[in-house]
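Some notes on the structure that comes next.
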Amino acid sequence: MKPPGRRNLVRLVIRPLRSVYSDWQDPVLRNGYALIVNVGITSVLGLVYWILAAHLYTPTEVGIGVAAINLMQFLVGVGGQLTFQAGLTRFIPDAGRDSTRLALFSYSLGGCAGLVVSLAYIGGLHIHSLGLPVVLGRSWILSVALGASVTVWCIFALQDAVLAGIRQAVWIPVENGLYGIGKIVLLVALGHITGQYGIFASWTVPALIALLPVNLLIFGRLLPRHVATRADQPTAVTLRVMSRFMGGDYLGNLFFMCTDTLLPLLIIARLDKASAAYFGVVWVIIVALDLITVNLGIALMVEGAIDRPALRSAAASVVRRLALILVPAVAVLLLFAPLILSIYGHGYAVHGSGLLRLLSVAVLARAVTSFYIALCRVERRVSRIALAQGALFASIMGLSWWLMGYLGLNGVGVAYLISQVIVAATLFPSILKMLDRRPGAASSATAARSRSGSAQGA
């Protein structure tokens, strides 16, 4: 009896490995898995980073660092980093011989946008009547440091967009893993030198250092290889096509960023600061789950841009894997919400468990919206993205304010769940239409829009 048992055990181990190996041969799943691994690595290293920061720096110094990082990321978002990232990922797969030029153009545009936003903030900072928050002080040296960090982060994010767009996302967890380690090393090294600015410096300096080697790899090896495989393909990328795409996408991302940024402030205004803290811990968990869907959507968008006729089969493959990941994760959160939150303290478990359960169910509906956004980006229907994100923003904020008066913090969870379910149900028929659309018809429509854009651009 023992030998058969051993054989069964071996089969039990080998079968999942074979399945993973088979998935790894699929460029869509390989890109998606690499992006999910990146989320896991950055989350673990981020946890280690903040634990060390809490022990090496005073609460005041940690507060200054967190505020500076949040300000930098806000300016990066206003500068359109998410939009440039989505635009580059969408268009570089089928840019053919123009891929290198498109990457350099996006780098330049994104970097300049970050610089302009930084200068606007720095200028406003010295106009006392505007009342802008002073985080790093008003000295010009610190202002230059902030502006440089925003520009660096815009380009740092676009590196990942290039790698994902040319089906080389396997390098992203390597890059961000090394960045996370460098960030921790610098955090420890600066703890006894410049406590006030050590956290902010450790967050930005490694990103600056990473720009050179990563882009040497991209422009010296990976992009030429991608261009060689796509050189015979005529490109449909024009300045007008990209500007229209990024214009609609920017509005959608702005609504998304406002939801993420303003919801904690709404909770403080309606309830109290402690409730905002409970929400913040829960939100980190939910965002991690959402990123799984977003990253698989990016992989699907790249495949749709490269091979539109294969979009339907690629979508089916992505949905199956997404269900295998999300459904068990949501089940775990529903069953063990108090236990998970008790890691942060008894108060978090008591006041945040209901919210965690509600938001975890909403993740499944949010996955439908993320899937819709990926398909809209494939077909360049970005105005629909802005409409969907705008509807979510208005519904979540309005319902949260109303329901918090009756349900407290759980009112935010109910509002978020209701909003996501309604929007997902509304978008689902459009998803089916996009997947059922004949590839030839979609290609003709895209080509017609491109010719129109080229004519008007000329």
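The values are calculated or read from the model by the stated rules, or taken from the named source; none is laboratory data. No experiment lies behind these values; they were computed from the predicted model shown. Neighbour counts run over all protein chains shown; Cβ positions are idealised from the backbone, glycine included. These area figures cover heavy atoms from the full protein model, side chains too; ligands, DNA and RNA do not enter into them. Shrake-Rupley method; radii C 1.70, N 1.55, O 1.52, S 1.80 Å.
So which residues in the stretch 295-320 are within 21 Å of Ser360 (Cβ to Cβ) and crowded, with 20+ Cβ neighbours inside 10 Å, if there are any at all? If you could, list the steps in order and put the result at the bottom.
So in the stretch 295-320, the residues within 21 Å of Ser360 (Cβ to Cβ) come out as 295-297, 318-320.
Once the filter is applied, which keeps residues that are within 21 Å of Ser360 (Cβ to Cβ) and crowded, with 20+ Cβ neighbours inside 10 Å, the stretch 295-320 yields Asn295, Leu296, Gly297, Val318.
Tell me, please, whether a residue that is in contact (Cβ under 8 Å) with a residue 60 or more places away in the chain, β-branched (Val, Ile, Thr) and farther than 21 Å from Asp260 by Cα can be found in the stretch 401-423. Looking for residues that are in contact (Cβ under 8 Å) with a residue 60 or more places away in the chain, β-branched (Val, Ile, Thr) and farther than 21 Å from Asp260 by Cα, one finds none in the stretch 401-423, hence no. May I ask you to verify whether Gly77 is open to solvent by less than 70 Å² (accessible area, probe 1.4 Å) and either outside any helix (DSSP H, G or I) or modelled with pLDDT of 70 or more (or both)? Yes; evaluated as a whole, the condition is true for this residue. Among residues of the stretch 362-390 that are farther than 16 Å from Leu322 by Cα, those with a beta-carbon under 7 Å from a residue that is acidic (Asp, Glu) and buried (at least 24 other Cβ atoms within 10 Å of the Cβ) at least six positions away or on a different chain give the pairs Val382/Asp249; Ile385/Asp249. Scanning the stretch 33-45 for residues that are open to solvent by less than 20 Å² (accessible area, probe 1.4 Å) and either over 15 Å from Thr293 (Cβ atoms) or out of contact with any helix residue (DSSP H, G or I) (no Cβ under 8 Å at 6 or more places or on another chain) (or both) yields a single hit, Ala34. When the residues of the stretch 221-245 are filtered to those that are open to solvent by less than 40 Å² (accessible area, probe 1.4 Å) and modelled with pLDDT of 75 or more, which remaining residue is nearest to Ser395 (Cα to Cα)? Looking at the filtered set, the residue picked out is Phe245. Taking the criterion of being open to solvent by 10 Å² or more (accessible area, probe 1.4 Å), among the aliphatic types (A, V, I, L, M) and either in contact with a strand residue (DSSP E or B) (Cβ under 8 Å, 6 or more places away or on another chain) or within 17 Å of Gly280 (Cβ to Cβ) (or both), the residues of the stretch 248-267 that qualify are Met257, Leu262, Leu265, Leu266. Scanning the stretch 330-379 for residues that are surrounded by fewer than 16 Cβ atoms within 10 Å (Cβ to Cβ) and assigned to a helix (DSSP H, G or I) turns up Ala331, Val332, Leu334, Leu335, Phe336, Leu339, His346, Gly347, Val350.
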